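Working notes, beginning with the structure itself.
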Amino acid sequence: MRGRYRTTMAMIGAMGLVAASCGSDDDTADDTADAPEVTDAPVVDDDDHDDDGDDDHDDDGDDHEDDEDQDHEHDEDLPLVVATTSIWADVTEHVVCHGLADVRAVVPTGVDAHFYEPSLQDRGLMGDAAIVIANGLFLEEGLISTLETIAAEGVPVFEVADHIAEPIEFAGDHGHDHDDDHGHDDDHGHDDGHSHDDDHGHDDDHGHDDGHSHDDHGHDDDHGHDDGHSHDDDHGHDDDHGHDGDDHGHHHDGDDPHVWLDPARVAAVLPVLGDAIAAATGIDADAVAECVADYQAELLDVDAEMTEMFASIDDDLRRLVSTHESLGYLADRYGFEIIGTVLEGTSSMAETNPAALEELANDVIAAGVPAVFAEAETSQADIEALAGRAGVEVVVLPTEALGDPDSGYGTYVEFLRHNAQLISDALS
């Protein structure tokens, strides 16, 4: 503004001199009047980087800046552990006993990792980490290039989904075949809450008692969690996909990335996560193992609570419709059928198909369910239109991120209880 003010004042002085010596000169006056347009330089501020992502994030850019300022106040006395999302940051905090390491999240609370594009500060934060904890399975699509770069530079990257027992394969069919493929209504028997364990092998695969059943899947040997990033070679992100910026979430095959919706699967992966963090940071491995055991027990207690909450829902109402394919692990664990989703795919960046939306509305009406489930982190316009067409309620669930501390779902455990209660209340 100062530059513009000086320019304007200089022009006023020049015009006075011209008027005094030459009188009125239309051409000169016109040229002088045009001068501000030529000299009016664009104002450059620190928000330019964030503006690139404002189309997707709306107000998230400002919050991101605030988070970055806090992120870089790193406690130099502690090893830095960076998690991509708020959910995995909270899980990691428990693994490191709330103080053995300085844990930071890249994606702010309340923000969908599908949409997030990293800033230069994020890149620096991840590059400074002793280890980075990521979800994997293309959840953090905007971070993939950065994760691959820092892994190549020697920063261990631990992708949680690589170590999850029995990941769910996404079929890209809106879940209409769930009854036939999984037998949710008949096989899960929600009355005792756990009969689905026999059909899907949850007790054997998930290791509810000791949390170590993931060893049967050879995750330690195949993925090399000690160095944290051997998955780059195993999964061939560069070679197999090579179009990180082109698909924008349209990965309609492969495994569902929303593994955190099943606390039993998360509990089972904690020991290998703890081992990877201890190896990368040098923190007390015995203390980490003790904290892992405590947190496993807490998650399995929450798993039992959720089973009890869902037991009040009648068989014919144990059906879910959501914005995108985010509730697959919850449905698999607790015996729900997914009728369909507004967006095709496991990414909230997918697009609405009007014909499929109309078909889904008819399915909702036929199923007789009283509610559909929107996602707090994404636009709710399409699912509200669906609900209006079907004459049902819209219930908003946080599915992709934790909330602020006073939100009621500021921790992973609160997040699980919060969603279970909302679903139970809506369908009971």
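Where a ≥ b ≥ c are the square roots of the eigenvalues of the C-alpha gyration tensor, would you call the stretch 373-428 rounded, which needs a/c under 1.5, or, failing that, prolate if a/b is larger than b/c, or oblate? Could the numbers behind the result be given before it?
Working: a/c = 3.44, a/b = 1.65, b/c = 2.08.
It is oblate, given that a/c is not under 1.5 and a/b is not larger than b/c.
Once the piece of chain linking D425 and A152 is laid out straight, how much longer is it, given 0.36 nm per residue of separation minus the C-alpha distance between them?
Details: separation 273, 0.36 × 273 = 98.28 nm, distance 4.74 nm.
Extending this stretch completely gives an extra 93.5 nm.
Amide H to amide H, which residues 5 or more places from V103 or on other chains are under 5 Å from it, using H placed in the peptide plane?
V81
Placing +1 at every Lys and Arg Cβ and -1 at every Asp and Glu Cβ, with all other atoms neutral, what dipole size does the stretch 281-428 have around its Cα centre, in debye to the nearest 20? Write out the running numbers ahead of the final one.
Details: 5 positive and 30 negative charges, 94 e Å.
Approximately 460 debye in magnitude.
For the stretch 88-165, what is the relative contact order in percent, using Cα pairs closer than 8 Å and at least 6 residues apart in sequence?
Values: 69 pairs, mean separation 23.2, N = 78.
RCO, the stretch 88-165: 30 percent.
Could you sort T149, T281 by their accessible area in this structure, using a 1.4 Å probe and putting the largest first?
Details: T149 55, T281 30 Å².
Ranked list, largest accessible area first: T149, T281.
Assign one of three labels to the stretch 323-423, namely rounded, prolate or oblate, based on the Cα gyration tensor with a ≥ b ≥ c the square roots of its eigenvalues; rounded applies when a/c is under 1.5, prolate when it is not and a/b is larger than b/c, and oblate otherwise.
Details: a/c = 1.81, a/b = 1.61, b/c = 1.13.
Cα axes put the stretch 323-423 in the prolate bin.
Sequence-distant or interchain residues sharing an amide H contact under 5 Å with L397, placed H: which?
A374, E375, A376
At 1.4 Å probe size, with no ligands or nucleic acids counted, give the accessible surface of E358 in Å², nearest ten.
90 Å²
Under the rule of at least 5 residues apart or a separate chain, name every residue whose amide H is placed under 5 Å from the amide H of D255.
F170
First check a/c for the stretch 112-173, with a ≥ b ≥ c the square roots of the eigenvalues of its C-alpha gyration tensor; if it is under 1.5, answer rounded, and if not, answer prolate when a/b is larger than b/c or oblate otherwise.
Working: a/c = 2.84, a/b = 1.57, b/c = 1.80.
Oblate, because a/c is 1.5 or more while a/b does not exceed b/c.
Could you compute the FRET efficiency for H74 and A293, with r as their C-beta to C-beta distance and R0 at 25 Å, rounded to 0.05?
0.30
Within the stretch 371-428, what whole-number % of the accessible surface is contributed by carbon and sulfur, with the 1.4 Å probe and all protein chains included in the calculation?
On the way: 1000 of 2180 Å².
Taking all protein chains in place, the stretch 371-428 shows 46 percent carbon and sulfur surface.
Using the Karplus curve 6.51 cos²θ - 1.76 cosθ + 1.60 with θ = phi - 60°, work out ³J(HN,Hα) for each residue of the stretch 360-367 in order, rounded to whole Hz, and write x for Gly and Pro.
5, 4, 5, 5, 5, 4, 5, 6
Each residue of the stretch 133-148 in order: what ³J(HN,Hα) in whole Hz does its phi give by Karplus 6.51 cos²θ - 1.76 cosθ + 1.60, θ = phi - 60°, with x for Gly and Pro?
Each residue's phi maps through the Karplus curve to give 9, 10, 6, x, 6, 6, 4, 8, 4, x, 9, 4, 4, 5, 4, 5 Hz.
Taking 0.36 nm per intervening residue step and subtracting the Cα-Cα distance, what contour gain separates D406 from S145 on full extension? Kindly include the intermediate steps, with their values, before the conclusion.
Working: separation 261, 0.36 × 261 = 93.96 nm, distance 3.36 nm.
Gain in length upon complete extension: 90.6 nm.
Give me the dipole magnitude in Debye, nearest 20, for the stretch 80-130 about the Cα centre, with unit charges on the beta carbon: positive for Lys and Arg, negative for Asp and Glu. Working shown, then result.
Values: 2 positive and 7 negative charges, 14 e Å.
Magnitude of the dipole: close to 60 debye.
The values are calculated or read from the model by the stated rules, or taken from the named source; none is laboratory data. Treat the numbers as computed from the prediction; the structure is a model and nothing was measured. Heads up, the Cβs are rebuilt from the backbone with ideal geometry, glycines too, and the neighbour counts pull from every protein chain shown. In case anyone asks, the SASA skips ligands and DNA or RNA and just uses the protein heavy atoms, side chains included. Shrake-Rupley method; radii C 1.70, N 1.55, O 1.52, S 1.80 Å.
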